[in-house]
Amino acid sequence: IVLDIDGVVLIFNSAAEKMFDLEKSKAVNFPLKDLAGLSAAKDIIMKLKFENKITKDELIDVGYNNKSIKVYATATFITNKEGNKIGILLLLRKTV
C-alpha cells in the first residue's frame, strides 16, 4: 500500500484487495485512518510520521468483513532524489 505524506491511499494493489476483501476503489483516495480494517496500521504510520521511527515486521491485527488476520507490517518513507519525504510505503505480510 502506498500513501501520500498525509496518509491518503494512492496505491492499493491486488494483493491488498485480496488480503482485505476490499476493492481498491474503496481504498484509493481515502485516508488510511478512515479504513476501519487497517486502523492498527494507522498507529504504525503515526510512529513513522511523528517519531520518525521506521517499523519493521511489527505484528498487528487487521481485517474486514468480520475476519481478522495477523500480519507483519513494515512502514518507511518514500523520498525523492533530493531526499524530501513524498510518501509512505506500507508493506503487510501475512503470518504463516
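The values are calculated or read from the model by the stated rules, or taken from the named source; none is laboratory data. On a predicted model such as this, the values are computed, not experimentally measured, just so you know. Note that each Cβ is placed from the backbone with ideal geometry, even for glycine, and that neighbours are counted across all protein chains shown. Calculation scope for accessible area: heavy atoms of the full protein, side chains included, ligands and nucleic acids excluded. Shrake-Rupley method; radii C 1.70, N 1.55, O 1.52, S 1.80 Å.
Please compute, over every Cα-Cα pair in the stretch 4-96, the percentage with a separation greater than 16 angstrom. It works out to 53 percent of all Cα pairs. The chymotrypsin sites (Phe, Trp or Tyr not before Pro) of the stretch 1-52 include none that DSSP puts in a loop with a beta carbon having at most 16 other beta carbons within 10 Å.
Each of A41, T74, G7 was placed along the dipole of the chain (beta-carbon charges, centred on the mean Cα), and the one lying farthest toward the positive end is T74.
What does the helix-only formula give at 222 nm for the chain: each DSSP H stretch with n ≥ 4 adding -39500 (n - 2.57), the total divided by the residues, and the result rounded to the nearest 500 deg cm²/dmol? Before the final figure, lay out each step's value.
Values: 2 runs with 20 residues, N = 96.
Result for the chain: -6000 deg cm²/dmol, rounded to the nearest 500.
Computed from phi, the 3J(HN,Hα) profile of the stretch 17-27 under the Karplus parametrisation 6.51, -1.76, 1.60 (θ = phi - 60°) reads 4, 5, 4, 9, 6, 9, 5, 4, 5, 9, 10 Hz, with x in place of Gly and Pro. Ligands, DNA and RNA left out, the accessible area of the chain computed with a 1.4 Å probe is 53% carbon and sulfur. Extension gain, T74 to N13: 0.36 nm times the residue separation minus the Cα-Cα distance gives 20.4 nm. For K33, the lysines whose Cα comes closer than 21 Å to its Cα, not counting residues fewer than 8 places off in the same chain, are K18, K24, K42, K47, K49, K53, K56, K67, K70, K85, K94. Among the trypsin sites (Lys or Arg not before Pro) within the chain, those in coil by DSSP and having at most 14 neighbouring Cβ atoms inside 10 Å are K53, K67, K81. Compute the helix-to-body angle for 39-51: its Cα long axis versus the longest principal axis of the chain, expressed 0 to 90° and rounded to tens. It is inclined by approximately 10 degrees. Restricting the stretch 15-62 to GluC sites (Glu not before Pro) that sit in a DSSP loop and have at most 12 other Cβ atoms within 10 Å of their own Cβ leaves E23.
Diagonalise the Cα gyration tensor of the stretch 14-60 and give the resulting equivalent ellipsoid semi-axes, square root of 5 times each eigenvalue, largest first, whole Å. Can you show the working numbers first?
Values: eigenvalues 92, 32, 15 Å².
After scaling each eigenvalue by five and taking roots: 21, 13, 9 Å.
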